[in-house]
Structure formats: C-alpha cells, structure tokens
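Remarks on the structure that follows.
Every number here is computed from the coordinates shown, using simple stated rules; none is lab data. Note that the coordinates shown come from a computational prediction; the quantities given were computed from them, not determined experimentally. Cβ placement follows ideal geometry from the backbone for every residue including glycine, while neighbour counts extend to all protein chains displayed.
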Amino acid sequence: MLETRNLDKRFGAVHVTRNVSLKLERGERRVILGPNGAGKTTLFNLLVGELTPSSGSVLLAGEDVTALPVAKRARRGLSRSYQKNTLFDGLTVEENLGLAAAIHTGAGTRLWGDSLASPEVREIVAEVAEQVRLMPYLHAKVSEVSYGVRRQLEVGVALATRPLVLLMDEPTSGVGPEMAKGFHELLNDLPRDLTLLIIEHDMDLAFDVADTITVLNYGEVVFDGLPEEARGSKLLKEIYLGSWEDA
Amino acid sequence: MFQHSALRYTALILLAVGAFAQAVTAGYFGLEVLTEILLLAMLVLALDMVAGFGGMVSLCHGALMGVGAYAYAILTTKAGLAPPVALGGSIAVTGAAAWVIGAIGARAHGIYFIMATLAFGQMAYSYVFEAPFFGGDDGMGGIPRIDLSLIGLDLNDSRSFALFCLALLGAAYGAAVLILRSGLGRSLTGVMHNEQRMRALGLTVWRVKADVFGLSGMIAGLAGALAAQHVMYISPGLLAWTVSGEALVVVILGGLGTLVGPMIGAAAFVILKHEVSNVTSHWHLVVGVLLIAVVMSRANGLFGWIEARWGARLERRLSDMTRKSDAEEITTDA
Amino acid sequence: MSLDPGFWALQTLNALQLSMLLFLLSIGLTVIFGLMHFVNLAHGSLYALGAYVAAAAATVGGYWTGFFLAPVAVAGMGILLYGGLIKRMRKSGPMAQVLVTFGLIFALLDLTRIVWGDIALAIEVPSLLAGRVSLFGIDYPVYRLFIIALGLAIFAALAMVLKRTQIGAMIRAGVDNDAMAACLGINVERLFFIVFCVGCALAGLAGAVAAPLLSVTPDMGLQILIPTLIVIVIGGLGSLQGAIAGSLIFGFVQTFGAVLAPQLASVLIYALLAAVLVIRPMGLFPAKG
C-alpha cells in the first residue's frame, strides 16, 4: 500500500534519513518507535511530500508519488495527523471535520451549494465523529474543548478524507496514560482495511496497536519485525535504555 | 464561517431601508452622496470577501475597481459596444485580472501578500497613467450610462441611477453570501484558519485563493463600471494605491469579516467625510486618529463592537421569545 | 539618444544618488522589521517631517543647522511614537500594526499641513556643496555627489557597527531569533528602542538631504513610501545587504528605465517586484533562511 525505496534526506551536512526502505501491506498497522531526534517526523514529512527526499522514492498503492506535491498525494489517499494540533481553531468540531470531508467529496471547490450541508459530507462527518468519539462535541468550537478532545479531532480530521493510508504522528502526545489507553482502543476499532503508520513514544502502548514495528535510530531503520521479536530485542533495549532514558 | 445572525439581518434591513428612503426622498446632492456610498460599499464588500474570509489583505482592490471603470470606458467609447455588453465585459476583464493576481500572489503571506497586491495595483496605475490609449493623465470622458428605458427607467436621472446602484449592490451582496457559503468559500475560510492543514488534506490551495480572488475582482469590476457611469469621466487617480488603502480602512472601521460591517463602514465613512469637510480641511487627521483608536481598542471595527456587545443579548432575547411562543402553543394545545 | 560615455556616467551617478537616498530610508525600516517584525508604514512620513524640520531650521540657521537638527528632531518624534503607540502594539498582529501606522500616515500628513501649510518649501544647497565638478568627462552637481558619499559612508558605518560592535552582535542575534536573544540576557526591549530611534534619525537625515533636491511638500512622505517598501521587499526584510542591494536595483532600474525605455519605466520596477515575490518570496537577501 505504502512503500519507500532507499529514502534519503540530508539538510546540508546533517543526514536525517538514511536509506529507509519500508513496505506496508493493505490493512497493516505499523508503529514507528525511536528516540527523540531519530528522524521519525522527518520520515513522515518525506512520505506526505512536505519535504522532498535527497534520493529514493515513495510509492503509494504501487505508484511512484515522489514527485507529487502534498495535496495530490493526499487526494490519492494519503492522510496524516500532526504531533502538534493543526486544526481550524476558530471553527467548530463539525466544521473541522466537514472541511476535510468536503475536500474528499469534491464539494470543497464547488461554487454551487454549501459543502458543509451536502449529504455526502454530512454522512462522512457523522461516521468519523462516531469513530473518534466526537459526537458530544460537534457544535463546540475547537477553542472550547479539552486538549484530549482536540487530539481526537486531530485524527478525525485526517480520517475525514477517507484515506487509504493514515499516518499518525504521536496521536497520544501530551495526554495522560488513561486517555492514551482509550485512544488505542479507538485506533483498534478503526476499519481493518485502513493502513496505519503510527509514531509512538510509549513502547507498551505501541504494542497494543501494532501488527509490525519499525525502529528508527539516527535516521536509520535498526529494527523491522513483529512486536514479539521487538520485545525481546537486545538492540532495542540498548537504544531505549541507552539514549532515551537520559533524554 | 460566514453566518447570518439576527443582528446581521437587522443591520441589513436597516441599511436597505435607509438607502431606499434616501434614494426616494433625497435631493441632487443627497443622491450623489448616496451613490458614492453604494459604490464604496460594493468595493469594500469585494475586499471583505477576500480579506475577512481568506486572510488575503489586498492593496489592489482600488486598482481593480479602476480596471473595471477603464474597461467599461474603453468598451463603450472605443470599441463601440452596447453599455450592457460593456458592463458584462468589464466585469469579466476585472475578474480575469484579479484571478491572475490571486494566482501569482497565492504563495505570499502577510506583509508579502500586501506588497504583491500593491505591486500589481501600482503597475496598472503607472501603465494607465503613461499610456496615451487610456488618455494618460487626462483620463477619459463621454462615458455613457446603461439605457434602461425599456423598463421605464432613465438612468441619466440621478434618482434612477442611485436606485439602480442600490439594486446591484443588493445583487452583489447576495452573490458574496452565496460564494462565501459555497464549498469554495468554506474552503477559503479553512485556508485562512490553517493553510498547511488544508493542503495536507488534499486541497489545491492556490486555485481556491485565485478563484475567490477572481470572483471578488468581478464585484470590484462591477463597482468600477458603475463608478465610470456615475461620474461619466475617469482618470488614473481611480487606480492609485491610496484608494485601495482607503477601502481597507473602511473595512477595518466597519468590521473585518462581517460583510455587513464594511457596508456600514462605507456609509459612515462617506457621511463623516462630507460632514468633516464642512468644518475643516483636515479630514485625513480625523480618519487617521479614528483608525488608530479603532485598531488600538482591539474591537473588530464598529459592527464588530456592536456584535460583541449586543449580538449575544439579541440572540438570547430572540430565542427566549420563540421559546415563550412555543410554550404558549403547548399550553393552548393542552 | 546619445550613448556616449558621458551619458552613461551621468545616468550612473543619478542612479547612485537615488539609490543612496532610498538606502537611508530603507535601512531603518528594514532593520526595525527584522528585529521587531513591525512594519512602520509611517516611515515615509518621518522622512517628510525631517525635510520640513530641515527646511524650517535652514531659514533660521542655514543648511547645516537643519542637516543636524532634522535627525535629532525626528528621533525625538520616534521616541514619542514608540512610547505612545508602538510599544503597546508590540504584541498585536502584523495587520493591526500596518493599520495603526497607516492611520499615522494620515494623521502626520495633516499635522505637517497644519504646521507648515500647503505651499511647497524650498531650501538652498549650502555654499560648501554648491556648484558642479568635472567628473568622468561630465559636469556633475557637487551636492548629488555629497549624497552618494553620505550614503556610502553610512552604509560602511552600519556594516562596521553590525559586524564589529557588541550592540551590532546583539542586533544580529535579535534579528535571527529574538526569543533566543532575550534568553541570552539581551535587553530586547531596550534594543528595539535604540534601533527604532536610529531608524527614525536616518529617515530624518534622508529628509534633510533630499530637501534641497525636491520641493518639500506634505505628501512627499507618501510618495517615497512605495519605493522604500519595494526596496526592502526586493532586498529581503531585515538585512543590511538586502537594503543596499534593493536600493541599488531600484535606483538603476528606475533611472535607466526612464531614459532607455520611457514607456515601460514606471511599470518595470513593479514587474520586477512581482517577479521577485514569485521567484523568491522572501526577497534576495533575507535576514533569515
């Protein structure tokens, strides 16, 4: 579904992504682990097109999308949520979801008719609101809801474009352990055919969701395998205990 | 997101009734002032569409209005087109020009967007100023008004012309509301709130910006074509950046992003200008101090201030009233 | 059209003279922007104020009194503006700042009209700088050469201050990252204040040196504003190199455009600005990457 081939990114002398090759099958749920500064978010930015790689390629559903801009990749079914909430702050939860859904249905660029009132958009909004547990907050403004709800909306907005692949950058960043647990249940309830790539900080929580695990360190893939293998991996322990614990 | 509130409807009705009453009763001078207000209102309506709902603070809307005026003048006096055709043509030409400016400027933000639009506006101004074809510094005269004698209106009469402008302002307002409520308008508001996210969701941001800027330009072009008919003479001064600056001031004084507010601002601005000019020649000092005071007060202009103060109260009272009438119905039912 | 060497020399000097005048104005504006993210549209009005002060002082104490008094007086005005308006607008968005200074343009325009009237004032070139000298085979007014020299001198002085002195280092740090500069213990507010006053003084100086060349009118500030903004946007906001490069580009395009392609001259510079904004939206030498 989503594949990278020898993806490389340098900022001047700094080599932030080194020869990353990943392959996600349809419906696969993969968690990316790694210490701070391992290049996880950079990898996301390369995947969605917010950065262009120094070399290597990105394939979506078998087609090379490396040269496509962000918006075109998104329309082909690649969606992402951000580590730091990137929402439409002055608008309501419903409008946030509606704007995203309208882009997917095409109503968002039409001059005739209110996109937010179109039946297709309303249907998607209701469905996504259900999926990310936002029903009680639909008419509240983003500024009026709690941080945890905003994190749900962050994922909801990404889901409202009905993506094939959803990239989530630390969806539980900044929420307490209780809520994070709930969040992972929410992720587990998402449709099984949706391919998920998730950056996660907390290893134990990551194991709740992951089919497969990739570990990045210094921009390089140092582990790629099943959660059970990861749990026992010496290398992983070293990275986490060695560099993460002091950070 | 654009929405009509009870307060906005009230203000709209008051504005429409006031303008209509003025159009029916005023003498020659009053009608001139009214037409001036109506045309400025149309320009600031166009500007508020992009500035208030798209964050595209344009300093070329005055120039766009000028383009509309010159297009109308050229199409009628030089190309010999019938005035209604020329009106349509001038709207199309201005819309196209605005679309191009919007497309090129789409990448620029904040002060850079302001500068980019300023550059395009000044480019048009300098070109018209220099080119003999456009009459240069002397401008162009002999511009005909549209002939509506078929429906019994003589637009050469100032009262009929004022009513004509009022009707077209109403139409322009309706168009602006429809545009802002359309998918395109909603997406533009999304872009204003968070451009990066809209792009990440798959929106071709520059197209949306250019499209709405073009539509806004069409309204500015209509205002220009009417302004050319109003004075029947045009000069390059119409395109100067200070006209755009003044339009922006009116939008801010009225209330950015409220659509109704800038129109109230236009009325207040023109009336105040005439009143102050009777007393002193230092009109600019008054506007300058007023602008500074409004911006420093942090209110969203005159109408924004009214909305913040009374909008919620009015809504509550209205909902109380409907609830009460519902309650009465229930009791009578019982 | 004569294309002999004398023609080129003359136009080059004219272009340089215009560039240096614009440089004096744009450097203050651009550094204030780079440091404070504050676009002071009233910068041109301060220049007009400088010209008026110089003209008024010249009638009493001669040209040099005006030359030295104008920067001081305009810096004084800057102190008033800073304390009264700008300090309070520091936390507001760029839009609010643009609008407040736009209001200031209107207010200052009428204030100069109230104080000095609507009639254009003229000011004599001082006897020391009167006359012409022979240079590159042409006779060129000494006063215009003086402007070129003054501009270059101030450019050199500012480059020295920015590069070699402690306050220069603080300004560079502030332009680069003001939050970081504040963390390093730099008194950012005081730095803003100093830079703002120096910028105002330079605008006043520009007004004083321009006064004998142009007639001093209330709207001269409005007329110079657009060229100044073009200079800083082409050059890139916040940088000294940007201000000098933008000034030179504007001066040469304008001057040579006017003699070589008169029909296009006025459009040319705006087209150039539009092109820069499309190709390099942050200008040619932005202060930040």
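Can you compute the helix-only [θ] at 222 nm over the protein assembly as shown? Use -39500 (n - 2.57) per DSSP H run of at least 4 residues, normalise by all residues, nearest 500 deg cm²/dmol.
Details: 34 runs with 541 residues, N = 870.
Using -39500 (n - 2.57) per qualifying helix, the result is -20500 deg cm²/dmol.
Please compute the contact order of chain C in relative form: average sequence separation of alpha-carbon pairs under 8 Å and at least six residues apart, divided by the residue count, as a percent. Could you put the intermediate results ahead of the total?
Numbers: 448 pairs, mean separation 101.9, N = 289.
Relative contact order, chain C: 35 percent.
Compute the relative contact order of the stretch A:115-247 as a whole-number percentage, counting only Cα pairs closer than 8 Å that sit 6 or more residues apart in sequence. Could you put the intermediate results ahead of the total?
Numbers: 108 pairs, mean separation 21.4, N = 133.
With pairs under 8 Å counted, the relative contact order is 16 percent.
For the pairs A:Lys9/A:Lys40; A:Lys181/A:Lys234; A:Lys40/A:Lys237; A:Lys141/C:Lys87; A:Lys72/B:Lys209; A:Lys40/A:Lys141, flag any whose C-alpha to C-alpha distance is greater than 21 Å.
Working: A:Lys9/A:Lys40 12 Å; A:Lys181/A:Lys234 26 Å; A:Lys40/A:Lys237 18 Å; A:Lys141/C:Lys87 32 Å; A:Lys72/B:Lys209 17 Å; A:Lys40/A:Lys141 31 Å.
Checking Cα-Cα distances, A:Lys181/A:Lys234; A:Lys141/C:Lys87; A:Lys40/A:Lys141 exceed 21 Å.
Just want to confirm a number: the relative contact order over the stretch B:41-196, from Cα pairs under 8 angstrom separated by 6+ residues, in percent.
On the way: 133 pairs, mean separation 45.0, N = 156.
Worked out over the stretch B:41-196, it gives 29 percent.
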### Summary
Here the FRET efficiency for C:Met180 versus B:Ser297, based on Cβ atoms and R0 = 35 Å and rounded to 0.05, is 0.60
### Query
How many angstrom separate the Cα center of the stretch C:10-71 from the Cα center of the stretch B:247-312?
32 Å
### Query
Taking amide H positions as placed 1.01 Å from N in the peptide plane, with prolines and chain starts having none, which residues 5 or more places from A:Asn217, or on another chain, fall under 5 Å of its amide H?
A:Val222
### Query
Is the shape of the stretch B:6-239 best called rounded, prolate or oblate, per the rule: a/c under 1.5 gives rounded, else a/b larger than b/c gives prolate, else oblate, with a ≥ b ≥ c the square roots of the Cα gyration tensor eigenvalues?
oblate
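Using the Kyte-Doolittle scale, which helices in chain C average at least 0.5 and also have C-alpha atoms spread 20 Å or more along the helix axis, with helices defined as whole DSSP H runs?
Once both thresholds are applied, what remains is C:5-36, C:43-61, C:63-81, C:94-116, C:142-164, C:188-210, C:220-235, C:240-260, C:265-279.
Explain nothing, just the number: dipole magnitude of the protein assembly as shown about its Cα centre with +1 on each Lys and Arg Cβ and -1 on each Asp and Glu Cβ, in debye rounded to the nearest 20. Write down the numbers at each step before the final one.
On the way: 59 positive and 64 negative charges, 258 e Å.
Roughly 1240 debye for the protein assembly as shown.
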#### Entry: Cα lying deepest toward the dipole's positive end in the stretch C:1-139, options C:Leu25, C:Phe67, C:Leu35, charges on Cβ
C:Leu35
### Message
Quick one: the Cα spread of the stretch A:85-162 along its three principal axes, in angstroms, biggest first?
### Response
35, 23, 19
### Message
If I fit a long axis through the Cα atoms of helix B:110-130 and take the longest principal axis of the Cα atoms of chain B, what angle between them do I get, 0 to 90°, rounded to 10?
### Response
30 degrees
### Task
Within the set of other residues whose C-beta is less than 12 Å from the C-beta of A:Asp169, count the net charge using Lys and Arg as +1 and Asp and Glu as -1.
0
### Summary
Label model pair C:Ile279, C:Glu124: point-to-point distance (7 angstrom along the Cα→beta-carbon line) in nm is 4.9 nm
### Query
Which shape class, rounded, prolate or oblate, goes with the stretch B:122-172 when its Cα gyration tensor gives a ≥ b ≥ c as root eigenvalues, a/c under 1.5 marks rounded, and past that a/b bigger than b/c marks prolate?
prolate
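Rounded to the nearest 0.05, what FRET efficiency do A:Ala126 and A:Glu229 give with R0 = 41 Å and r taken as the Cβ-Cβ distance? Could you check?
Working: r = 40 Å, r/R0 = 0.98.
Result of the calculation: an efficiency of 0.55.
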### Under 11 Å from the A:Asp204 label point (7 Å along Cα→beta-carbon), backbone N, the stretch A:135-177
A:177
### Task
Express as a percent, rounded to the nearest 5, the fraction of DSSP beta bridges in chain A (both residues included) that run antiparallel.
55 percent
### Number of partner chain Cβ atoms within 10 Å, mean per residue of A:103-116
6
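For A:Arg30, what charge total do you get from the other residues with a beta carbon under 11 Å from its beta carbon, if Lys and Arg give +1 and Asp and Glu give -1? Each step should come with its number before you reach the end.
Values: positive: A:Lys23, A:Arg29; negative: A:Glu25, A:Glu28, A:Glu200, A:Asp211, A:Asp224.
Cβ neighbours under 11 Å give a net charge of -3.
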### Message
Quick check: the angle from helix B:28-54's long axis to the longest principal axis of chain B, C-alpha only, nearest 10 degrees?
### Response
70 degrees
### Query
Can you pull out the trypsin sites (Lys or Arg not before Pro) in the stretch A:1-109 that DSSP calls coil and that have at most 11 other Cβ atoms within 10 Å?
A:Lys84
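Counting DSSP beta bridges with both partners in the protein assembly as shown, what percentage is antiparallel, nearest 5?
Details: 27 of 44 bridges.
About 60 percent, rounded to the nearest 5.
Net charge around A:His139, counting only other residues with Cβ within less than 12 Å of its Cβ (Lys, Arg = +1; Asp, Glu = -1)?
Numbers: positive: A:Lys141; negative: A:Glu94, A:Glu95, A:Glu144.
Computed value for this residue: -2.
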## Note on the structure
With +1 on the Cβ of every Lys and Arg and -1 on the Cβ of every Asp and Glu, the dipole magnitude of chain B about its Cα centre, in debye rounded to the nearest 20, is 900 debye
### Summary
Pseudo-spin-label distance C:Val259 to A:Arg192, built 7 Å along Cα→Cβ, given in nm, is 8.2 nm
### Query
Under a plain spin-label model, where a point goes 7 Å from the Cα along Cα-to-Cβ, how far apart in nm are C:Ile194 and C:Thr165?
0.7 nm
### Message
Classify the stretch C:190-286 from the C-alpha gyration tensor, please: rounded if a/c falls under 1.5, else prolate or oblate depending on whether a/b exceeds b/c.
### Response
oblate
### Query
Farthest toward the dipole's positive end in chain B, which of B:His282, B:Gly152, B:Asn194, given Cβ charges of +1 (Lys, Arg) and -1 (Asp, Glu) about the Cα centre?
B:Asn194
## Note on the structure
Among the Cα-Cα pairs of the protein assembly as shown, the proportion with separation greater than 54 Å, in percent, is 22 percent
### Message
On C-alpha positions alone, give me the angle between the axis of helix B:312-333 and the longest principal axis of chain B, in degrees, nearest 10.
### Response
50 degrees
